[in-house]
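Data first, discussion second: the structure below is written as structure tokens.
All of the numbers you see were taken from the coordinates with simple rules; none came from a lab. Remember, it's a predicted structure, so these values are computed and weren't measured experimentally. Counting neighbours? That spans all protein chains shown, and the Cβs are built from the backbone with ideal geometry, glycine included.
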Amino acid sequence: MSDAIVRIEGLRKAYANGVEALKGVDLDIRKGEILALLGPNGAGKTTLINIVCGIVTATGGQVLVDGKNWLQDFRSARTRIGLVPQELTTDAFESVWATVSFSRGLFGKPRDDAKVEEILKRLTLWDKRKSEMRELSGGMKRRVMIAKALAHEPDILFLDEPTAGVDVELRRDMWELVRKLRADGTTIILTTHYIEEAEEMADRVGVIRKGELVALGDKKGLMAQLGQRTLKITLDDPISEVPSGLSEWGVALEDEGHTLCYRFDSHAEQTGIPQLMRRLDELHLGWKDLATHQSSLEDIFVSLVHEERAA
Ligand SMILES: Nc1ncnc2c1ncn2[C@@H]1O[C@H](COP(=O)(O)OP(=O)(O)OP(=O)(O)O)[C@@H](O)[C@H]1O
């Protein structure tokens, strides 16, 4: 058994128009972690979140919140979960206080001014409590959305692209805030397009592509699992094309013929490097420098997205 607070099993969604947004996703979310779901536009991230939060109905599979089926035990699941949606959904003329306080009532929680005050202070919104939503900056509005999602005291928080279209400074601010929430014991699942965000924030990263979870792990684990190394061989003299004698290594030519690049799996028993170097000798290809490079999370993500385009 794992320590999953949310267990997603074989989750499927086919929309009425025939789009298969999720094709059987299995995912365990661990208590107290920050999990980032990365994926290109239309990968299925929002659909996944919306199903777990009860906004979209699944066409297959189930979600267990603390071991209980989320539909059979819907009220309890919904109380445990907070959602900050992608779109800002608030009444422009409502005050910050009313927006947050009202949201608490929606979940059947009794009025608790002390709790609302605590949440507003935690999100540095206390000074703005009387302001109408329309008077707030974009960053403040996002904070209110988080306060709203926290109003009924959930311990699992879903953030759907919390920093989309937000400037770098505000983004860092948001990261700080999310870290604080985690330190207070909240489990956080966020979706993002920004690899930097996933790298910076997440304990684990999942990559969703075309409705499937194609990778999952901590950053180092993912790099070890999916990352490749590249050996760059700087030649004495440039060449115009890769000699046929090197075809079995699948090397590429870069830097206007000055550099041969060989991608290899550093975990494989045989990297093929000694044989490649011998072949270079046989072909009388002189070289003056060798360097290896480990692919980053960004390289991995880009190659996964490329695979999608090619598919
Ligand atoms: N209500 C809907 N009806 C029909 N198709 C939908 C609906 N909502 C989403 N889709 C389709 O389902 C697929 C997954 O969309 P989803 O919004 O879950 O992706 P996403 O990964 O969140 O994308 P983005 O990063 O752009 O928000 C897309 O092809 C999308 O067009």
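Before moving on, here are some points about what is shown:
- Isotropic mean projected area of the C-alpha convex hull, region 228-294 (nm²): 4.2 nm²
- Burial order of peptide ranges 254-263, 91-100 (average beta-carbon count within 10 Å, highest first): 91-100, 254-263
- Computed on the chain, with alpha-carbon pairs under 8 angstrom and 6+ residues apart, the relative contact order is 20 percent.
- Computed lengthening from THR79 to ALA252, 0.36 nm per intervening residue step minus Cα-Cα distance: 56.8 nm
- GLN275 versus GLU132: modelled label distance in nm, points set 7 Å from Cα along the beta carbon direction: 7.4 nm
- Within straight-line cross-link reach of LYS45, lysines at Cα separation under 27 Å, skipping those fewer than 8 residues along the same chain: LYS13, LYS23, LYS31, LYS68, LYS141, LYS148, LYS180, LYS210, LYS219, LYS220
- Using 0.36 nm per residue and subtracting the Cα-Cα separation, the extra length available between ASP112 and GLU87 on full extension is 6.3 nm.
- Protection proxy ranking, peptides 66-79, 186-199, 134-147, average beta carbon neighbours within 10 Å, highest first: 186-199, 134-147, 66-79
- Estimated FRET transfer efficiency (VAL19, GLU241; beta-carbon r; R0 45 Å; 0.05): 0.55
- Region 50-128, relative contact order in percent, only Cα pairs under 8 angstrom and at least six apart counted: 17 percent
- Relative contact order computed over region 204-292 (Cα-Cα under 8 Å; 6+ residues apart), in percent: 31 percent
- Per residue, the convex hull around the alpha carbon atoms of the chain comes to 171 Å³.
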